[in-house]
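Quick one: the structure is below, questions incoming.
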Amino acid sequence: FYKNYDLNMYRNCEYTFCEISPQLAEQCEQTMRQNHKQLLDEGRIKIYNGSIMDFDKKIEGSCFVVGLEILDNMPHDRLFTTSRQSI
């Protein structure tokens, strides 16, 4: 996102991906290498292969957490009702 709208911010941020699946962590690294090689080579992109519950790195300064898996696993395919009224 920042790469297209604020190049300075993009270059100065550190990005950490936390992925529990080894296969998806590898895929994430390949995608980052393809699209953000310079930041990956500079160590600004880190990929942690493990559970977020075991992530123990202390983050200094401002930090934003984007929990896509949390949103993905929320119930969203079904609606239940106890009445016969339309929703």
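Taking amide H atoms as placed 1.01 Å from N in the peptide plane, list the residues 5 or more away in sequence, or in a different chain, whose amide H sits under 5 Å from that of residue 46.
15, 16, 17
Summing Lys, Arg as +1 and Asp, Glu as -1, what charge do residues with Cβ under 11 Å from the Cβ of residue 45 carry, residue 45 excluded?
Once all neighbours under 11 Å are counted, the net charge is 0.
Within the range 13-32, find all residues whose amide N lies under 17 Å from a label point positioned 7 Å from the Cα of residue 53 along Cα-to-beta-carbon.
18-22
Once neighbouring chains are kept in place and the probe is 1.4 Å, which whole percent of the accessible area of the range 4-64 is contributed by carbon and sulfur?
50 percent
Quick check for you: which residues of the range 7-22 have the amide N under 18 Å from the point 7 Å beyond the Cα of residue 46 toward its beta carbon?
11-21
What does the net charge come to around residue 14 if you take all other residues with beta carbon closer than 9 Å to its beta carbon, with K and R at +1 and D and E at -1?
Residues near residue 14 contribute +2 overall.
Here's something else I'd like to know. Just to be sure I understand the curve: with the Debye formula and one point per C-alpha of the range 1-61, what is log10 I(q)/I(0) at q = 0.17, 0.20, 0.22 Å⁻¹?
Those come out to -0.63, -0.84, -0.96, one per q.
The values are calculated or read from the model by the stated rules, or taken from the named source; none is laboratory data. What you see is a predicted model, and the numbers here were worked out from it, not measured in a lab. Positions of Cβ are generated from backbone atoms using ideal geometry, with glycine treated the same way; all protein chains shown enter the neighbour counts. Just so you know, the surface numbers come from the protein's heavy atoms only, side chains and all, with ligands and any DNA or RNA stripped out. Shrake-Rupley method; radii C 1.70, N 1.55, O 1.52, S 1.80 Å.
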